[in-house]
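One structure below.
The values are calculated or read from the model by the stated rules, or taken from the named source; none is laboratory data. Keep in mind the model is a prediction, meaning the values are calculated, not measured. Because the Cβ atoms are built from the backbone with ideal geometry, glycine has one as well, and the counts that use them run over all protein chains shown. For the accessible areas, the whole protein counts, side chains as well, though only heavy atoms, and no ligand, DNA or RNA atoms are used. Shrake-Rupley method; radii C 1.70, N 1.55, O 1.52, S 1.80 Å.
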Amino acid sequence: MSATAVDLDEAEAYLRSSDPVMRTIIDDVGGVGALPDRRMARPEDHYGSLIRSIVGQQVSTASARAIFGRLTDRFGGRPPTPQEVLAEDPDELRTAVGLSHAKTTYLRSLAEHVVEGSLELDRLDGLPDDDVIAELVAVKGIGLWSAQVFLMFHLERPDVIAVGDLGIRKAVMQRYGLPALPAAPELVAISQPWRPYRTLACRFLWASLRATPA
């Protein structure tokens, strides 16, 4: 199921009615119309989106945008194909673009999986969420968080909860009055009333961090 098939106003109304804390969060954020477009300026194809995800790991949004820009500039303004990544000298690519050694390795791992056929990107649209995650985490450098974000914002699956995301955990701790950051089982339990719109709930939680006074 894709979020393109979800009426966001209807999903917002559902979240408001299912959880009073979430209702307050939505009020503070300003509703779906106030949410940022998290796909803005990101590649529309599966492979390009995964490259962008790897490049953006553990760096600021501005740094990720700059590095990805240098990478696409090197290939005529577009993400490189798997074949182009593998044809590049790893050290030369790393130096020219500003990638870490690890991320250069991850990009090559992704390219190898695609070229070898162990990761068939065209199949991902038709797979259940858990199967998409299993396919992606087999690639070195793509962990659970990256796979969940790919589901949420690239495949636009409507009921994904990013249990390891620090922002989500921090927002839930603040808004639900928890003494510490929730572990995955606690976060899953808290998120049950948000089903089947947990992706939208996560977007509100991320946005609530900006709406919460320091």
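Structure summary
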{"item": "Flag if ALA147 is in contact with a Ser or Thr (Cβ under 8 Å, 6 or more places away or on another chain) and closer than 30 Å to GLY30 by Cβ", "result": "no"}
{"item": "Candidate set: region 40-69, residues that are free of Cβ contacts under 8 Å to residues at least 40 places away in the same chain and touching a Gly at 6+ places or on another chain (Cβ under 6 Å); chosen: the one surrounded by the fewest Cβ atoms within 10 Å (Cβ to Cβ)", "result": "ALA64"}
{"item": "Extreme residue, surrounded by the fewest Cβ atoms within 10 Å (Cβ to Cβ), among residues of region 129-153 that are in contact (Cβ under 8 Å) with a residue 24 or more places away in the chain and closer than 18 Å to ALA111 by Cβ", "result": "ALA138"}
{"item": "Per-region count, region 133-156, residues in a helix (DSSP H, G or I) and over 17 Å from GLY117 (Cβ atoms)", "result": "13"}
{"item": "Flag for TYR106 being of a type in the set (Phe, Trp, Tyr), over 20 Å from GLN58 (Cβ atoms) and open to solvent by 30 Å² or more (accessible area, probe 1.4 Å)", "result": "no"}
{"item": "Count - residues of region 159-180 that are in a helix (DSSP H, G or I), surrounded by fewer than 21 Cβ atoms within 10 Å (Cβ to Cβ) and of a type outside the set (A, V, I, L, M, F, W, C)", "result": "4"}
{"item": "Residues (touching a helix residue (DSSP H, G or I) at 6+ places or on another chain (Cβ under 9 Å), open to solvent by less than 50 Å² (accessible area, probe 1.4 Å), within 19 Å of VAL85 (Cα to Cα) and assigned to a loop (DSSP other than H, G, I, E, B)) located in region 109-128", "result": "LEU119"}
{"item": "Selected residue [within 17 Å of the chain's Cα centre (by Cα) and modelled with pLDDT of 95 or more] from LEU144, LEU136, LEU119", "result": "LEU136"}
{"item": "Any hit, region 74-97, residues being of a type outside the set (S, T, N, Q), closer than 30 Å to VAL172 by Cα, open to solvent by less than 20 Å² (accessible area, probe 1.4 Å) and touching a helix residue (DSSP H, G or I) at 6+ places or on another chain (Cβ under 9 Å)", "result": "no"}
